[in-house]
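Input: a single structure, listed below in structure tokens.
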Amino acid sequence: MLSCELPTAKNADKSICSVLKNSKVIVVVGLSPKPHRASNQVAKYMQENGYKIIPVYPREIEILGEKVYRSLEEIDFEVDIVDIFRKSEDTPPIVEKAIKLPGVKCVFLQEGIKNENSKKITQNAEIFYVEDKCIMVEHKRCKNEGLL
């Protein structure tokens, strides 16, 4: 299990790369079916780079060729990362559900999304937490640094 309290930005960056390297399944909460939306573009990139994407969205049957789940409670199989595209204030109840998913290693709040309560929830559960970063940008960085 990775530590939630990382002493330096450099260590945090390496830990993100480690999580990405050792993950295969990413749940994307708030994955829009619209190709021009950031959530769709990010999920498509991650899918194209070998990750299984699990869309969580209240509508739609399929996004990016994957079955859509209406809520996190519907997911009963192993996942590695929960990537959240929702408003900062909406994240704590999502994070509460995310940490209960089988196998979850990391909760990732996308760029511009921060929430102190969400951070505390993951720390208490000893789940690695990332906020205010884009998983696609981090993947590209890790790849460029030879850490994937």
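All conditions in (1) surrounded by fewer than 18 Cβ atoms within 10 Å (Cβ to Cβ); (2) out of contact with any Phe, Trp or Tyr (no Cβ under 8 Å at 6 or more places or on another chain); (3) of a type outside the set (Lys, Arg) hold for Ala38, with the sole exception of (2).
There is at least one residue in segment 98-106 that is outside any loop (DSSP other than H, G, I, E, B), in contact (Cβ under 8 Å) with a residue 40 or more places away in the chain and among the small types (Gly, Ala, Ser).
For every residue, the table says whether it meets (1) touching an Asp or Glu at 6+ places or on another chain (Cβ under 8 Å); (2) modelled with pLDDT of 95 or more.
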residue: Lys24; (1), (2): yes, yes
residue: Val27; (1), (2): yes, yes
residue: Ser39; (1), (2): no, yes
residue: Ile54; (1), (2): yes, yes
residue: Arg59; (1), (2): no, no
residue: Val68; (1), (2): yes, yes
residue: Glu74; (1), (2): no, yes
residue: Ile84; (1), (2): no, yes
residue: Ser88; (1), (2): no, yes
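Candidates are the residues of segment 73-97 that are acidic (Asp, Glu) and part of a loop (DSSP other than H, G, I, E, B); the one that is surrounded by the most Cβ atoms within 10 Å (Cβ to Cβ) is Asp80. When we screen Ile94, Ile75, Ile61, Ile54 for residues that are under 18 Å from His139 (Cβ atoms) and not charged (D, E, K, R), the only hit is Ile54.
The values are calculated or read from the model by the stated rules, or taken from the named source; none is laboratory data. It should be emphasised that the depicted structure is a prediction, and the values quoted were computed from it without experimental measurement. Glycine also receives a Cβ, built like all others from the backbone with ideal geometry; neighbour counts cover every protein chain displayed.
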